[in-house]
Amino acid sequence: MVSQEKIILNLANEIVDRGLSVPAIFFLESSKYISFVGSQFLVFLGPIATCFINNKKYYNFTDIFEKKENIDSLINEIERINIKS
């Protein structure tokens, strides 16, 4: 199993590579206090969404977005990578 830190790092790299740092940080900052509700909605949509994407990856993301601390880690990682670029 891939650790949460590795998933967060990969996601942050993908966001920065696509040039979406500012919109991603804005969205994450504005929604981090309702991240638990959002992650539960993703779990609800899981049976439909996993028809199109990898089952394991999808539920790893829902586990990550369940906690506000992980959202903060993702924001910090995006900022760190963006500063290096």
Beta carbons within 10 angstrom, averaged per residue: use that to sort the peptides 44-52, 58-66, 5-13, highest first. 58-66, 5-13, 44-52
Taking the alpha-carbon distance from Lys84 and a cut-off under 21 Å, which lysines remain once sequence neighbours fewer than 8 residues away in the same chain are dropped? Lys6
Accessible-area composition of the chain, carbon plus sulfur, in percent [1.4 Å probe]: 64 percent
Considering only protein heavy atoms, with the full assembly of protein chains and a 1.4 angstrom probe, order Arg18, Arg80 by accessible area, largest first. Arg18, Arg80
Keeping all protein chains in the complex and leaving out DNA, RNA and ligands, what accessible area do you get for Val16 with a 1.4 Å probe, in Å² to the nearest 10? 20 Å²
Calculate, for the chain, the solvent-accessible area per residue in square angstrom, rolling a 1.4 angstrom probe over the heavy atoms of the protein chains. 70 Å²
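The values are calculated or read from the model by the stated rules, or taken from the named source; none is laboratory data. Predicted, not measured: the structure shown is a model, and the values here were computed from it. Counting neighbours? That spans all protein chains shown, and the Cβs are built from the backbone with ideal geometry, glycine included. Just the protein is used for accessible areas: all its heavy atoms, side chains included, with ligands, DNA and RNA removed. Shrake-Rupley method; radii C 1.70, N 1.55, O 1.52, S 1.80 Å.
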